Amino acid sequence: AGAGWGQARDEAFQRALTEVQRHFHRCARCTDAVCGRCWNVEAGMCLRCVPDTATEVQAARHRGLNREATRRAEEAGEGRAAGYDVDTPRQLVCPSCSTETRGGAFCHGCGHRLAQPAQCGSCQADLPAGAGFCPGCGSRAG
């Protein structure tokens with residue numbers, strides 16, 4: 001195990017490098033070494049520097065599809081927005097179990113009643129925080 005071990009190891013390492021090098025290509029543009037899957041044979045460069053045209057066209061089609069679907073979904077959402085109550089505050093995380101509630105009246109994780117505005121006992125109108133009297137009917141709050 002003397003001095004010959006280091007030399008044998010170095011020679012084995014060089015053989016391994018030589019064996020592996022034939023599976024990789026060096027890009028003339030970015031100088032990266034890439035495998036055959038990442039190599040554009042026609043251009044003699046890596047696919048990052050010279051992407052495959054058919055692949056780029058397919059990706060562009062999909063980006064266009066996503067962009068148009070997003071636009072149409074936004075229009076549909078704008079149409080539904082008239083029926084959404086934007087003035088009612090909603091608790092989005094349950095204070096009891098930290099489940100995301102998405103604005104419901106009760107937590108779907110533990111059933112905890114989420115923060116809801118106080119309501120008048122007479123007319124059921126929402127009472128502003130700290131109100132002494134109902135702004136809808138004038139009844140005493142609370």
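The values are calculated or read from the model by the stated rules, or taken from the named source; none is laboratory data. For clarity, every value in this text was computed on a predicted model and none was experimentally measured. Neighbour counts are summed over all protein chains in view; Cβ atoms, including those assigned to glycine, are modelled from backbone coordinates with ideal geometry. When the accessible area is computed, the model is the full protein with side chains, heavy atoms only, and any ligands, DNA or RNA have been set aside. Shrake-Rupley method; radii C 1.70, N 1.55, O 1.52, S 1.80 Å.
Would you please report the Å³ per residue occupied by the convex hull of the alpha carbon atoms in the chain?
Working: hull volume 42.1 nm³, N = 142.
Given the Cα convex hull of the chain, per-residue volume reads 297 Å³.
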- Quick one: accessible area per residue over the chain, 1.4 Å probe, rounded to a whole number of Å²? 79
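Return the carbon/sulfur percentage of the accessible area of the chain, one whole number, probe 1.4 Å, all protein chains in place. Walk me through the intermediate numbers first.
On the way: 5940 of 11170 Å².
Carbon and sulfur together cover 53 percent of it.
Using the alpha carbon gyration tensor of region 7-82, what are the three equivalent-ellipsoid semi-axes (square root of 5 times each eigenvalue), largest first, in whole Å? It would help to have the intermediate numbers written out before the result.
Working: eigenvalues 460, 47, 13 Å².
Value: 48, 15, 8 Å, ordered largest first.
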- Task: Compute the acute angle (0 to 90°) between the alpha-carbon long axis of helix 53-80 and the principal axis of greatest extent of the alpha-carbon atoms of the chain; round to the nearest 10°.
- Result: 0
- Ordering 61-73, 21-33 by per-residue average of other C-beta atoms within 10 angstrom, highest first, gives 21-33, 61-73
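Give the ranking of 5, 39 by solvent-accessible surface, highest area first, calculated with a 1.4 Å probe.
Largest accessible area first, the residues go 5, 39.
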- Note on the structure: On the formula 1/(1 + (r/R0)^6), with r taken between the Cβ atoms of residue 32 and residue 86 and R0 of 35 Å, the FRET efficiency rounded to 0.05 is 0.10
- Mean shadow area of region 74-142, taken as a quarter of the surface of its Cα convex hull (nm²): 6.2
- Protection proxy ranking, peptides 129-137, 42-50, 80-88, average beta carbon neighbours within 10 Å, highest first: 42-50, 129-137, 80-88
